[in-house]
1. Which distance in nm do the two modelled labels at residue 181 and residue 268 give, with both placed 7 Å along the Cα-to-Cβ direction?
2. Ranked highest first by the average count of other Cβ atoms within 10 Å around their residues, in what order do 76-88, 29-41 fall?
3. Take the alpha carbon atoms of the range 24-97, find their radius of gyration, then divide it by 2.2 N^0.38 Å using N residues; give the quotient.
4. What share of all Cα pairs of the range 127-401, in percent, falls into each consecutive 10 Å distance bin?
5. Which whole-Hz couplings ³J(HN,Hα) result when phi for each residue of the range 300-311 is put into the Karplus expression 6.51 cos²θ - 1.76 cosθ + 1.60, θ = phi - 60°, listed in order with x for Gly and Pro?
6. Tell me which residues come under 5 Å, amide H to amide H, from residue 235 once H is placed; ignore anything under 5 positions away on its chain.
7. Give the peptides 373-384, 203-214, 323-334 in descending order of average Cβ contacts within 10 Å, highest first.
8. On a 19 Å Cα-Cα criterion, which of the cross-link pairs 30/224; 172/211; 172/255; 211/255 come out too long?
Amino acid sequence: MAESPGLARRGCLSPEGILREIQINLLECKVCFEMFNTQQRERRPQNLSCGHVLCLECITALSHPLLRKLECPFCRHLCTVDSTSHCQVLGDLQELLLSRVPPPASPPHRSRGGFTLAAGPTCTTLHLHAAFGGWGTLINPTGIAVLGSSGSIVVVHDGKKRVVVFNLQGRKLQSFGQKGKANGEICYPIDVAVTPSGHVVVTDAGDRAVKVFTSRGNHMVTVKDSFQLPWGVDTDSCGQILVSDVQAGTLSQVKVDYNHPGVILERQTPISDLQCPKAVACCRLTGNTAVMEHGATERHQYRRLRVFSKDFHLLYQTDSFSLALQSTMKLNMSGVAFDRDGDVIVIDSNQGMICSLGKLQNGPVLTPLIADHLIRPVGLVLLNNTLITLDSGDHTVKIYSATSDTGPLV
């Protein structure tokens, strides 16, 4: 059985903690996030030929109705429905653990009214204002960006058309980027960014390329043969594209001619000593660039946030261990963004949290922003006085604001 996409090394945990991690990360389908259940046919854990495990309902939903084939949503291996088999070991494990372990409690830092700390900085809780999407409208979304002053929201996901554009009310405006490897198609999108001129930039891990489209979805240029595995992407105020390469350990800067399709003006690699860099964010106010590293030693994994100047000189850095020394909360950073004042905002996907670290010049000032209604946030953007996050846990876009008025849940 392949490693669960949601299971990471957890360092030193108590036996009870290990059991809770197993229950959360192994005993639920990582597509629909429903618990496996051997007593319900549609919830039975099924082995794909690649080794990953999905529930029978998701296998049926993802497979072609006539060809009875599907692409594994985690490793992209082509599987047939007829080759799937019941995962007996997970069924037995579930029966064993659920008879002994109580359901996992909410993390101690969460509360019904928002995010609170026993001691520390003043809480600045944002409230859920609206949400839209859901399974089918969005399938395993991975990246989000805002298109222009209109505030249209761009999301990349695993649907037949990889890029979807919504308005702020959740109405689908358009979609483009057909699934595939042909010119103008997108194989496996990881992240998305929008230039000041409105061009949409997508990192395609399946094609090991960066692809640029107009706001209407017309393909302009593909930057290929220079990346090992492109991951995070953002653009600066001049429209230059910043791309992290998780395998090469680099941050690249690409300049394209948006007036002439197919023209790449310049590509350089200003940073080449990163450890598994993923999320990238560029501050439009200062020009600073933040990169989230997912490093590892022989004994544990760690997350390190590094912030560089406009000329790519290191300004400051912090990591999960350093933050834990300053707070009663353990923050496992996974994503990063800047707000309009230049403050650094980080995501903790595992715990479903979003926090502000301030400007970092004098050290991080940890301020919780969101801890409710999030399952597994994977991306965020800020628009005016709202924070818009992409939650892959329930395949939705969620809009938060300082007011407590709840809008429509589409």
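1. Computed distance between label sites residue 181 and residue 268 equals 3.3 nm.
2. Working: 76-88: 14.5, 29-41: 16.5.
In decreasing order of mean packing, 76-88, 29-41 become 29-41, 76-88.
3. Values: Rg = 11.6 Å, N = 74, 2.2 N^0.38 = 11.3 Å.
Relative to the rule-of-thumb radius for its length, the range 24-97 sits at 1.03.
4. That works out to 7, 32, 39, 20, 3, 0, in percent per bin.
5. The phi angles translate into 7, 9, 8, 10, 10, 9, 10, 10, 10, 6, 4, 8 Hz.
6. Excluding prolines and chain starts, which carry no amide H, the hits are 194, 242, 282.
7. 203-214, 373-384, 323-334
8. Violating the 19 Å Cα-Cα cut-off are 30/224; 172/211; 172/255.
The values are calculated or read from the model by the stated rules, or taken from the named source; none is laboratory data. All of these numbers come straight from a predicted model, not from anything done at the bench. Using ideal geometry, Cβ is built from the backbone for each residue, glycine included, and neighbour counts are taken over all protein chains shown. For the accessible areas, the whole protein counts, side chains as well, though only heavy atoms, and no ligand, DNA or RNA atoms are used. Shrake-Rupley method; radii C 1.70, N 1.55, O 1.52, S 1.80 Å.
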